[in-house]
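For reference, the structure is listed below as structure tokens.
The values are calculated or read from the model by the stated rules, or taken from the named source; none is laboratory data. Remember, it's a predicted structure, so these values are computed and weren't measured experimentally. Note that we place each Cβ from the backbone using ideal geometry, even for glycine, and neighbour counts take in every protein chain shown. Just so you know, the surface numbers come from the protein's heavy atoms only, side chains and all, with ligands and any DNA or RNA stripped out. Shrake-Rupley method; radii C 1.70, N 1.55, O 1.52, S 1.80 Å.
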Amino acid sequence: MSNKKINYDFNLINKAFNIASEKHQNQTRKGSDIPYLIHLMDVASILFQFKASTDQVCAGFLHDTIEDTKSTYTEISALFGEDVARLVDGVTKLTNLQLSSSHTQQAENFRKLLIAMSKDVRVILVKLADRLHNMRTLEHMPQQKR
């Protein structure tokens, strides 16, 4: 990691934390009683460690709001700006892939990855932080899902 200093907008990051906390208020992680907000905090923490931008950290807190709550792209855009909304939407689109054959699924995953990278490579970092935290908490998943 570089020693590059990032000037974070902590007011915007705090706002993302508060919205995430409100939207995921009664949700828990699958297979545990751990509040879902902890996952979002850990994803944002990983993004801080990667020296990601303010928009990416906000997207880390918000990455599941469109998918798992009643939040919309328009709402996220109005509250946080178009860049954060696009990042959240991009992570959601990378997540929502379900195909039948493993060959088709792998090819489609690569295609979606390339498309996401061509639109905004920052989406990939947010998704990787999400996946990294998911991998760190596999003990809460049933054996066959691990």
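Just to verify a result, which residue in segment 39-52, among those that are of a type outside the set (Val, Ile, Thr) and within 12 Å of the chain's Cα centre (by Cα), is nearest to His63 (Cα to Cα)? If you could, list the steps in order and put the result at the bottom.
First, pick out the residues of segment 39-52 that are of a type outside the set (Val, Ile, Thr): 39-42, 44-45, 47-52.
Checking which are within 12 Å of the chain's Cα centre (by Cα) leaves us with 39-42, 44-45, 47.
Numbers: His39: 11, Leu40: 8, Met41: 11, Asp42: 12, Ala44: 10, Ser45: 13, Leu47: 12 Å.
Among them, the one singled out is Leu40.
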Next on the checklist: With the requirement that a residue be open to solvent by less than 70 Å² (accessible area, probe 1.4 Å) and not charged (D, E, K, R), what does segment 1-27 give you?
Outcome noted: Ser2, Ile6, Tyr8, Leu12, Ile13, Ala16, Phe17, Ile19, Ala20, Ser21, His24, Gln27
Item to check | Test set (1) under 23 Å from Ile124 (Cβ atoms); (2) modelled with pLDDT under 95; (3) surrounded by fewer than 21 Cβ atoms within 10 Å (Cβ to Cβ) - Met41 fails condition number | outcome: (2)
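I'd like the residue in segment 63-83 that is small (Gly, Ala, Ser) and touching a residue at least 12 places away in the same chain (Cβ under 8 Å) and, out of all such residues, is surrounded by the most Cβ atoms within 10 Å (Cβ to Cβ).
Our first condition is that a residue be small (Gly, Ala, Ser); within segment 63-83, this holds for 71, 77-78, 81.
Cutting the leftovers down to touching a residue at least 12 places away in the same chain (Cβ under 8 Å) gives us 71, 81.
On the way: Ser71: 20, Gly81: 13.
Here the answer is Ser71.
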Checklist entry - Hey, among Gln98, Gln105, which residue is open to solvent by 40 Å² or more (accessible area, probe 1.4 Å), part of a helix (DSSP H, G or I) and either modelled with pLDDT under 90 or touching a Pro at 6+ places or on another chain (Cβ under 6 Å) (or both)? => result Gln105
Checklist outcome for this item: For Phe48, the lone unmet condition from (1) of a type outside the set (Val, Ile, Thr); (2) in contact with a helix residue (DSSP H, G or I) (Cβ under 7 Å, 6 or more places away or on another chain); (3) open to solvent by less than 30 Å² (accessible area, probe 1.4 Å); (4) under 18 Å from His133 (Cα atoms) is (3)
Next on the checklist: Which count do you get for residues in segment 13-38 that are outside any helix (DSSP H, G or I) and over 14 Å from the mean Cα position of the chain (by Cα)?
Outcome noted: 11
